1. State all residues of segment 284-322 that are open to solvent by 30 Å² or more (accessible area, probe 1.4 Å), assigned to a loop (DSSP other than H, G, I, E, B) and free of Cβ contacts under 8 Å to residues at least 40 places away in the same chain; if no residue qualifies, say none.
2. Quick test for you: out of 68, 40, pick the one residue that is open to solvent by 40 Å² or more (accessible area, probe 1.4 Å) and within 16 Å of the chain's Cα centre (by Cα).
3. From the residues in segment 265-283 that are farther than 20 Å from residue 62 by Cα and of a type in the set (S, T, N, Q), which one is least open to solvent (accessible area, probe 1.4 Å)?
4. Can you say whether residue 274 is in a strand (DSSP E or B), in contact with a strand residue (DSSP E or B) (Cβ under 7 Å, 6 or more places away or on another chain) and of a type outside the set (A, V, I, L, M, F, W, C), as far as the supplied structure shows?
5. In contact with a Lys or Arg (Cβ under 7 Å, 6 or more places away or on another chain), of a type in the set (D, E, K, R) and outside any strand (DSSP E or B) - does that describe any residue in segment 125-142?
6. Pull up segment 218-245, narrow it to residues that are assigned to a loop (DSSP other than H, G, I, E, B) and modelled with pLDDT of 95 or more, then point me to the one that is least open to solvent (accessible area, probe 1.4 Å).
7. Suppose we filter 59, 49 for residues that are without any contact (Cβ under 8 Å) to a residue 40 or more places away in the chain and either out of contact with any Pro (no Cβ under 6 Å at 6 or more places or on another chain) or assigned to a loop (DSSP other than H, G, I, E, B) (or both); which single one remains?
8. Within segment 100-114, does at least one residue satisfy the condition of being open to solvent by 50 Å² or more (accessible area, probe 1.4 Å) and closer than 24 Å to residue 257 by Cβ?
Amino acid sequence: MESVWSAGIKEMQQNPRPALQGDVRTDVLVIGGGMAGILTAYRLQQAGVRCVVAEAKTVGSGITQNTTAKVTAQHGLIYGDIIKRRGLETAKMYLAANQQAITDFCALAEQYPCDFEEQNAYVYVTDTEHREKLEQEARAYQQLGLAADIVDCPTLPVPVMGALCMDRQGQFHPLKLLLGLAKQLNIYEDTFVRKVEDGVAYTENGRIQADHIVLATHYPMINIPGLYFMKVYQHRSYVVALEGAPHLEGMYVDGCTNGYSFRSYQDLLLVGGGSHKTGKQGGGFAPLRSLAEKAWPDALERYFWATQDCMSLDNVPYIGRHRAGVGHLYVATGMSKWGMTGS
């Protein structure tokens, strides 16, 4: 089981980075060498801050290599819910932050080629119940100043009862960008942080002392205190990459959490779905393969992979201080399947 991203970058991983040996001192320690950790370290270094990254395995070997690599501010049918829970101004801030992420990714892609493509994003629905939610989301788009016309998606292999488009979003090859950025950074691989205490991270072969520590480990390695087990739950989903299926313009996601997503990469069509809460019974790859067999019987499955996402309780990630009263410890988690943009 290997993703299209990890299969395509083996030549970029020929020179492993050393593990930590001994004690070091730095301004900021970032724990985790995925997209969130590497981007954090890169931005800090660009700002002139001394930074070290500690990665338990190798850069990009976690959730980042199993993403569908869409960069978009459209995260399903969420903006109506955010407005209801948090207010219009918070929803505007969340939209602006994610739109800025797209602009930043586009700029980074010029320095570090990563097959970045500008694409429109669509959230679609397939039944009457979700059509009503789509109409509610369209009203939220209007409040946010976005185009809010409900359109058709005639190219999808599922019945569509309307879709909302968010234009000028993006898609890319995540590991090409990640490994390009990583070349600029001070990274220790095969360096598992066992615990963090009083500004010191302890590993098997040394300690890293830092003024500030960022937990970019997908699920926070410091769970208590912080009570993240009450704030985040895990969700499993699956992807197949098909050769010989039609090329799609745009990126598509079902407004229902257990529906399908679609995007193309080069000559492959990536079909995602089969989602379920981790630990519960789910469809796995079976519904994806069944859909592919019915829609494109001559297509060949080239790659298949699964991923696991940290889901927040209100569709907004936990990014910032780890908990109240602690000024030196930060966290990035709960990105609810949109970790590339959230990173």
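The values are calculated or read from the model by the stated rules, or taken from the named source; none is laboratory data. Please read all numbers here as calculations on a predicted model, not as lab measurements. All Cβ positions, even for glycine, are placed from backbone atoms using ideal geometry, and neighbour counts span all protein chains on display. Please note that ligands, DNA and RNA were not included when accessible areas were found on the heavy atoms of the full protein model with its side chains. Shrake-Rupley method; radii C 1.70, N 1.55, O 1.52, S 1.80 Å.
1. The one that is open to solvent by 30 Å² or more (accessible area, probe 1.4 Å), assigned to a loop (DSSP other than H, G, I, E, B) and free of Cβ contacts under 8 Å to residues at least 40 places away in the same chain: 297.
2. Among 68, 40, only 40 is open to solvent by 40 Å² or more (accessible area, probe 1.4 Å) and within 16 Å of the chain's Cα centre (by Cα).
3. Checking each candidate, the answer is 266.
4. yes
5. At the first step, the residues of segment 125-142 found to be in contact with a Lys or Arg (Cβ under 7 Å, 6 or more places away or on another chain) are 125.
Now drop any that are not of a type in the set (D, E, K, R), which leaves none.
No, every residue in segment 125-142 fails to be in contact with a Lys or Arg (Cβ under 7 Å, 6 or more places away or on another chain), of a type in the set (D, E, K, R) and outside any strand (DSSP E or B).
6. 245
7. 49
8. no
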